[in-house]
Amino acid sequence: MVFIKKFSLTHVFICLLTTIVAISTTNVIISHAQPANPVLAQDASITAKSALAIDATSGQIIYQKVPDHLVPIASLSKLVTTYIVLNEIQHQHLHWDTPVKISPAEAQLSQNTNFTNVPLQAGKSYPVRDLLNASLICSANAAAMALGNRIAGNSNNFAKLMQRTTQKLGIKDAKLYNACGLNNQELGSLSNPKLKPTTTNQMSATGMAILSQQLIKKYPQVLQITNQPQLHWETQNYQNTNKLIGSSQPFKIDGLKTGTNATGESLVSTGAQKQTRIITVILDAPKGERFSQTERLLQQIKQKLQPHSASRNALPTKSINIPNGKKTTTAIKPAESKTYWLPVGDKLKTDFVTNEHGKIFQTPLAPILKNQIIGKLLIKNQPPFPLLPHNQLTTNVVFVTSNPVNISKMLLGFLELLLLVCLLGWLLYQFWKYRHRHLNRS
């Protein structure tokens, strides 16, 4: 008996050890697994230091070139400032008409003709709406600094807020020091004495794509600003720095932002066609080529790839039976429609899994609520599509409408059950009587 106990304990220990080793090995294999390649191959004509193209709804990475390399982003920094401003407005810490008083230092920066600006007067207040429009449309640096100082009190505090904001979005490698994107020396009296003169904001193409996707998703009104071809400020018109605005081939471009630094030019752009939206990131392209390289990338997407919508049509069933509901069936749909891109001729492969994974309780019961989750739509293409962080190849499937309990049907069902129980009881009683008589005769 002692030998058996020792053997059992040893056996259990060996099994546990084997399991731990197996799991550890599996984790190592998974961690070193190569990510799936984007559907669009590398193109030698895209000479920007870093580039990325994604679908705005699904986060699918369509094209990439050194996407995680940190690059000076210059005025693309104003997209972070914009995200924070719109978040402040959403939480009613700011309003579109909130006045922002201009300091002498901000006014002085706005008069510097070496940088893009609109003239601001010291001591005068401008609405948040006007300053944000100036920051996005004509890349006004002083306007962006004024917004940051209004929100956080000073440039240093706002830089810390920018850092926290990008961290929450999943952008871990960004280095942000001011609201507008000029280097520290160029800010003049608004510079941070603790930083080197050449210190400048940096982010990767992946980070810019994450920021742009979340900005469009949470605050789509930003495109109503960035799609304006020009800004009328006092007595002068300022052209949108994004020369692709209004272009409709192959996508209608309606945002987002340009950036220029000492080493090159950058452009984060977005365009829509029917129900699809693409975001492209071109960082540090040779001077004069950020627009042509963006157009070339969009043309390749249009020519070589085809969008597939993971919408209601992708579900194998369009409705679910509800036996106790007022309606016998209730329609279902994905909670959001996502687009995935495949080479022309390829098909999207999907599957639908209920909350119970099709094993038990396959038929839900009323009451059913509108937008109640019934399961998930899965994308099954192999290899899996590469995605931006925090994007998934699944979408919640929800009920389109509510479906209350059918009381009369439930009462009828209860009566039917009661009748069945009574019948069963009567049959058991008859069987007992028969057995009782048979035993008495014996």
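Some observations on this one:
- Proximity of backbone amide H atoms, modeled 1.01 Å from N, is registered between I62 and A53, I54, D55 at under 5 Å, excluding neighbours fewer than 5 places apart on the same chain.
- A dipole drawn for the chain from +1 and -1 charges on Cβ atoms has a positive end, and of Y219, N178, A107 the residue lying farthest that way is Y219.
- Computed from backbone phi, the HN-Hα couplings of segment 213-219 come to 4, 5, 4, 5, 5, 7, 9 Hz, rounded to whole numbers (Karplus: 6.51 cos²θ - 1.76 cosθ + 1.60, θ = phi - 60°; Gly and Pro given as x).
- Charges were assigned to the Cβ only: +1 to each Lys and Arg, -1 to each Asp and Glu. The resulting dipole of the chain about its Cα centre is roughly 1960 debye.
- Degrees between helix 128-137 axis and first principal axis of the chain (Cα, 0 to 90, nearest 10): 80 degrees
- Phi to ³J(HN,Hα) by Karplus 6.51 cos²θ - 1.76 cosθ + 1.60 over segment 274-285, Hz, x for Gly, Pro: 6, 9, 10, 9, 10, 10, 10, 10, 10, 10, 6, 7
- The mean sequence distance of close C-alpha pairs (under 8 Å, at least 6 residues apart), as a share of the length of the chain, puts its relative contact order at 16 percent.
- Dipole-positive endmost among T116, Q92, L131 within the chain (Cβ charges, Cα centre): Q92
- Between the alpha-carbon centres of segment 255-279 and segment 115-130 there is a gap of 25 Å.
- Peptides 163-172, 60-69 ranked from most to least packed, by the mean per-residue count of other Cβ atoms within 10 Å: 60-69, 163-172.
- Dipole magnitude of segment 138-216 about its Cα centre (Cβ charges: Lys, Arg +1; Asp, Glu -1), debye to nearest 20: 260 debye
- Once the Cα atoms are used to define both axes, helix 77-90 deviates from the longest principal axis of the chain by about 60 degrees.
- With both labels modelled 7 Å from their Cα along Cα-to-Cβ, the W432 to V344 distance reads 8.0 nm.
- Per-peptide packing, taken as the mean over residues of other Cβ atoms within 10 Å, places 125-133, 84-92 in the sequence 125-133, 84-92 from highest down.
- Overall form of segment 53-118 per C-alpha gyration tensor (a/c, 1.5; a/b vs b/c): oblate
- Placing unit charges on the Cβ atoms of the charged side chains and taking the dipole of the chain about its Cα centre, the candidate lying farthest along the positive direction among G375, L231, G264 is G375.
- Going through (1) 55, 35, 24; (2) 31, 26, 23; (3) 58, 29, 24, the figure that equals semi-axes √(5λ) of the Cα gyration tensor in Å as computed for the structure here is (3).
- Between 0 and 90 degrees, the angle of helix 290-304 with respect to the longest Cα principal axis of the chain falls at about 30 degrees.
- Pairwise centroid distance, computed over Cα atoms, of segment 316-392 with segment 205-243, Å: 34 Å
- Cut-off under 5 Å, modelled amide H: who pairs with L369 long-range: N403
- Share of carbon and sulfur in the accessible heavy-atom surface of the chain [1.4 Å probe, %]: 58 percent
- Zone residues, segment 95-119, relative to T235, backbone N less than 15 Å from point 7 Å out along Cα-to-Cβ: 119
The values are calculated or read from the model by the stated rules, or taken from the named source; none is laboratory data. Quantities reported herein were computed from a predicted structural model and do not represent experimental measurements. In this analysis, Cβ positions are derived from the backbone assuming ideal geometry, glycine residues included, and neighbour counts consider all displayed protein chains. All accessible areas refer to the heavy atoms of the entire protein, side chains included, with ligands and DNA or RNA removed. Shrake-Rupley method; radii C 1.70, N 1.55, O 1.52, S 1.80 Å.
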